[in-house]
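*Asks:* First, the structure itself, so that you have it in front of you.
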There are 2 protein chains.
Amino acid sequence: MTAEIIDGKKIAEKVREEVRQGVAKMKEETGYVPGLATVRVGEDPASATYVRMKQRMCETLGINSFGHTFPEDATQEEVETLVSELNANPSVNGILVQLPLPGHLDEEAILNSIDLAKDVDGFHPVNIGRLAMKGRDPLFIPCTPYGCIRLLEESGVQISGAEAVIVGRSNIVGLPVAMLLQKANATVTICHSRTKDLAEHTRNADIVIAAIGRREMITGDMLKPGAAVIDVGINQKEDASRKRGYRLVGDVDFESAKEVAGKITPVPGGVGPMTIAMLMANTLRAAQIAQDEN
Amino acid sequence: MTAEIIDGKKIAEKVREEVRQGVAKMKEETGYVPGLATVRVGEDPASATYVRMKQRMCETLGINSFGHTFPEDATQEEVETLVSELNANPSVNGILVQLPLPGHLDEEAILNSIDLAKDVDGFHPVNIGRLAMKGRDPLFIPCTPYGCIRLLEESGVQISGAEAVIVGRSNIVGLPVAMLLQKANATVTICHSRTKDLAEHTRNADIVIAAIGRREMITGDMLKPGAAVIDVGINQKEDASRKRGYRLVGDVDFESAKEVAGKITPVPGGVGPMTIAMLMANTLRAAQIAQDEN
């Protein structure tokens, strides 16, 4: 048996097309153009690349983008003052503070200072609190977990009643995706480095979300035949045949896993393209909320 | 084999004694007396009883208690105005809004209006968000889940690395206790009404937390020999031999479970006495935080 490949590129394009149309419709009907502000502190090259990708995607979809960059030694007050200005700016619907921040800044306080209605990254403590609670819904769902759920939905995977195992418990992926699947009525187990027998859990899972950051650690023999496997990992693996000397692989050993799984995301081309697409969807949603309030 | 009984009455008394001594020490050293304000809306008899029990416990331990009661038709503004006054009142360290509130009130907004430093019930959305996040700690842990953890700790149950199954996913018990056990490095599975095979999960669990609100539904054959079982349920069962015609039983079938489990809480006398004890501990902690800030 060979698994159906969940095509993240294609599904992300579908999300982007929805956003493109939503933005065009808003512009046509109200003259308003949604806007995303990015806030970056310091010169981390990966953060710079991510922010640039987000800004370009905004342009592509017709969303205004406003970039703000602070030097590495920016103070808490400087960053929070900018956030308050952006909170008050009616052209800005979403505020994205690129993480990680330099260690001297209080990340939680900065995220907390973002207007809940502009928290398109979904990391405001109140949004996370709502995500964790029954009967409450966050205004915005964090982008990568949201992307994982959308991949499952678009692939026709039944979440309600499913046994779901999350491998990894990061604030950015593992924990919020666990909460989302639980809210959608899956029976969720969160596994991590202290889990005694990981394979025993994954072998009983209808849905496996791999987000532990360890290269190819989930192998085919650890999966239940027919399981849906979402691989959030992005790791480098030496590969002399590539110009740069490596290729990207996930937390799942794709070759063995695809012989057992029913559906599986590749790396790259699975979860990766979804994150920015969902950020764009959240930004449009923020603009729609702001317009509805006017 | 017969399980060791986890004596909630005795452990709660230990917690209360710690609080009593902490209150006395604070009074002696600073002259300050901790205070708890209770806010109740409407005439629900169970809520009235709970609030009265909390007030009496305050008196017993030397904590000031301030009771506030609104009629059933109180407005959102009236309740929020009182909460702001209590936030500003330096004699009040903890604010307890007794839930459930009447349906016309916005519960989340009221909980959100409580000063985070006075949220001794631990239900402020930001506290719940912190509880859910790695590397962040809530100022206060919700009382019943906190009591469950304390019972495990006092009984010498190893949490780190354990397989823990939570049956039930309420905001008040199931979800926060899952987060706490996860933070303490257990591998946590949250089961609920949509779980396909509950027994398969509970049979693999080193720790079972029963908080589903269904009378005696967890039976001995569903447990792993030697497991630690914490029974949060309080249900009435007909019993002609009792004057009132019923007795209280938990979500666990105690008779069969105690033959398989290693440690087990009885109902009553297990989790029950812990909730108020942990509320008192949180109130003392709130007073200590306030004193440290002065």
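Read the figures in this text as sums done on the coordinates, not as results from a lab. Keep in mind that this is a model prediction, so the values were computed, not measured. Ideal geometry is used to build each Cβ from the backbone, glycine not excepted, and the neighbour counts take in all protein chains shown.
*Asks:* Within a 10 angstrom radius of each residue's Cβ in B:190-199, how many Cβ atoms of other chains show up on average? Whole number is fine.
*Replies:* Mean shielding by partner chains, rounded to a whole number: 4.
*Asks:* For A:K263, list the aspartates and glutamates whose Cα falls under 18 Å from its own Cα; do not include residues on the same chain fewer than 8 positions away.
*Replies:* Answer for A:K263, where 18 Å is the Cα cut-off: A:E4, A:D7, A:E153, A:E154, A:E163, A:D206, A:E216, A:D221, A:D231, A:D251, A:D253, A:E255, listed by chain and number.
*Asks:* Another question, then. When the dipole is taken about the Cα centre of the protein assembly as shown, and only Lys, Arg (+1) and Asp, Glu (-1) are charged at their Cβ, what size is it in debye, to the nearest 20? Please report the intermediate quantities before stating the final value.
*Replies:* Numbers: 64 positive and 80 negative charges, 266 e Å.
In debye, rounded to 20, the protein assembly as shown gives about 1280.
*Asks:* Still on this structure: Would you mind working out the magnitude of the charge dipole of chain B relative to its Cα centre, with +1 at each Lys and Arg C-beta and -1 at each Asp and Glu C-beta, to the nearest 20 Debye?
*Replies:* Using Cβ point charges on Lys, Arg, Asp and Glu, chain B gives about 760 debye.
*Asks:* Relative to the longest principal axis of the C-alpha atoms of chain A, give the angle of the C-alpha long axis of helix A:174-183, reported between 0 and 90° and rounded to the nearest 10°.
*Replies:* Helix A:174-183 sits roughly 80 degrees off the main axis of chain A.
*Asks:* Percent antiparallel among DSSP beta bridges with both residues in the protein assembly as shown, to the nearest 5?
*Replies:* Beta bridges within the protein assembly as shown, antiparallel portion: roughly 15 percent.
*Asks:* Semi-axes, largest first, in whole Å: what does sqrt of 5 times each Cα gyration tensor eigenvalue give for the protein assembly as shown?
*Replies:* With the √(5λ) rule applied to the protein assembly as shown, the semi-axes are 42, 33, 21 Å.
*Asks:* Also, I was wondering about something else. Rounded to the nearest 0.05, what FRET efficiency do A:E72 and B:T219 have when you use their Cβ-Cβ distance and R0 = 56 Å?
*Replies:* 0.40
*Asks:* Which value, in debye to the nearest 20, gives the size of the charge dipole of segment B:14-99 about its Cα centre, when Lys and Arg are +1 and Asp and Glu are -1 at the Cβ?
*Replies:* Dipole size: approximately 620 debye.
*Asks:* Follow-up. Roughly what would the spin-label model give for A:E154 and A:K196, points 7 Å off Cα along C-beta, in nm?
*Replies:* With each label point 7 Å from Cα toward Cβ, the separation is 4.0 nm.
*Asks:* Give the Kirkwood hydrodynamic radius (Å, one decimal) of segment A:142-272, defined as one over the mean of 1/r across all pairs of different Cα atoms. Intermediate values should be presented prior to the final figure.
*Replies:* Numbers: mean 1/r = 0.0690 Å⁻¹.
Roughly 14.5 Å, rounded to one decimal.
*Asks:* Taking B:K118 as the anchor, which lysines have their alpha carbon closer than 24 Å to its alpha carbon, excluding any fewer than eight residues away along the same chain?
*Replies:* Leaving aside lysines fewer than 8 places away in the same chain, those within reach of B:K118 are A:K134, B:K14, B:K25, B:K27, B:K54, B:K134, B:K183.
*Asks:* Treat the count of other C-beta atoms within 10 Å as a stand-in for reagent exposure and order B:I114, A:I166 from fewest to most.
*Replies:* Least crowded to most crowded, the residues run B:I114, A:I166.
*Asks:* Just want to confirm a number: the relative contact order over chain A, from Cα pairs under 8 angstrom separated by 6+ residues, in percent.
*Replies:* 22 percent
*Asks:* Let me ask something additional. Where both residues lie in chain B, what percent of DSSP beta bridges are antiparallel, nearest 5?
*Replies:* On the way: 4 of 33 bridges.
That works out to approximately 10 percent antiparallel.
*Asks:* Got a sec? How would A:K118, A:K258 order by Cβ neighbour count within 10 Å, fewest to most?
*Replies:* Going from least to most buried by this count: A:K258, A:K118.
*Asks:* Here is a follow-up. For each of B:R215, A:R130, count neighbouring Cβ atoms within 10 Å of the residue's Cβ, then give the residues from fewest to most.
*Replies:* Listing B:R215, A:R130 from fewest to most nearby Cβ atoms yields B:R215, A:R130.
*Asks:* Which residue, B:L61, B:T38, B:T81, has the largest displacement toward the positive end of the dipole of segment B:33-170 when charges sit on each Cβ (Lys, Arg +1; Asp, Glu -1)?
*Replies:* B:L61
*Asks:* Okay, next question. So what's the gap between the Cα centers of segment A:181-257 and segment B:273-289, to the nearest angstrom?
*Replies:* Segment A:181-257 and segment B:273-289 have Cα centres separated by 42 Å.
*Asks:* Ok, one more. Along segment A:230-241, what does the Karplus equation 6.51 cos²θ - 1.76 cosθ + 1.60 (θ = phi - 60°) give for ³J(HN,Hα), rounded to whole Hz, x for Gly and Pro?
*Replies:* Each residue's phi maps through the Karplus curve to give 10, 9, 8, x, 9, 10, 8, 10, 4, 7, 5, 6 Hz.
*Asks:* In the structure shown, do any of A:K237/B:K196; A:K237/A:K258; A:K9/A:K224 have a Cα-Cα gap over 29 Å, and if so which?
*Replies:* A:K237/B:K196
*Asks:* Distances over 27 Å make up what percent of all Cα-Cα pairs in chain B?
*Replies:* 43 percent
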